[in-house]
Amino acid sequence: MSGHRRPLAEVPIRMRVAWLVCAALLASTVAVAQDRQVIQPGGMLSAAVRVGPMLYLSGQLGTDPATRQLATGGIGPETRQALENIKRLVEENGSAMHRVVKCTVFLADITDFAAMNEVYRTFFPTDPPARSTVAVAGLVRQARVEIECMALAGT
């Protein structure tokens, strides 16, 4: 039956829907692949990558961007600086903290959770993003906390 086409009305609805879904996924994949933007590349690490409407931030330590030194004073100041770094990246890329949708917090010591959470809440006072918190064996530069986030791009 080469060259023979069935009238669209004869094609089962689930096959038409499946074809439309596949076409939409293919089109969005091509568009997203073309829309990938690396932000502040630096060797093996980029500060963030924007793909379509999403901004994916690399994990941020509590380091001062000017000195690259960890904030002193323990988990509270480190958490505050890590979140200030996230806020700066989000805002530099046309978004805002209220558009952060997911964060992952890595703690070198899970007993720091309450102190970290106290500072974290000040950055997300209402409608906080989804969050996971995990304890790890260690972090770069002997940091006590690292936080990575995903945000909707734009304002």
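Once the dipole of the stretch 36-152 is set up with Lys and Arg at +1 and Asp and Glu at -1 on Cβ about the Cα centre, which of MET44, VAL119, PHE106 lies farthest towards its positive end?
Of the options given, the answer is MET44.
Work out the length of the dipole vector of the stretch 36-152 about its Cα centre, built from +1 on the beta-carbon of each Lys and Arg and -1 on the beta-carbon of each Asp and Glu, and round it to the nearest 20 debye.
Charge dipole, the stretch 36-152, about its Cα centre: 280 debye, nearest 20.
What FRET efficiency, computed as 1/(1 + (r/R0)^6) with R0 = 25 Å and r the Cβ-Cβ distance, is obtained for ILE39 and ARG131, rounded to the nearest 0.05?
0.65
Using the Cα centre as the reference, give the magnitude of the dipole from point charges on the C-beta atoms of the stretch 85-155 (Lys, Arg: +1; Asp, Glu: -1; all else neutral), rounded to the nearest 20 debye.
80
Tell me, what is the FRET efficiency for SER46 and PHE113 to the nearest 0.05, using R0 = 25 angstrom and their Cβ-Cβ distance as r?
Numbers: r = 29 Å, r/R0 = 1.15.
With R0 = 25 Å, the Cβ-Cβ based efficiency is 0.30.
Subtract the Cα-Cα distance of GLN142 and THR72 from 0.36 nm times their separation in residues, and report this length gain in nm to one decimal.
Numbers: separation 70, 0.36 × 70 = 25.20 nm, distance 1.20 nm.
So the chain would gain 24.0 nm between GLN142 and THR72.
Computed from the coordinates by the stated procedures, all read-outs in this text should not be read as laboratory data. Computed from a predicted model, the values in this text were never measured in an experiment. Note that we place each Cβ from the backbone using ideal geometry, even for glycine, and neighbour counts take in every protein chain shown.
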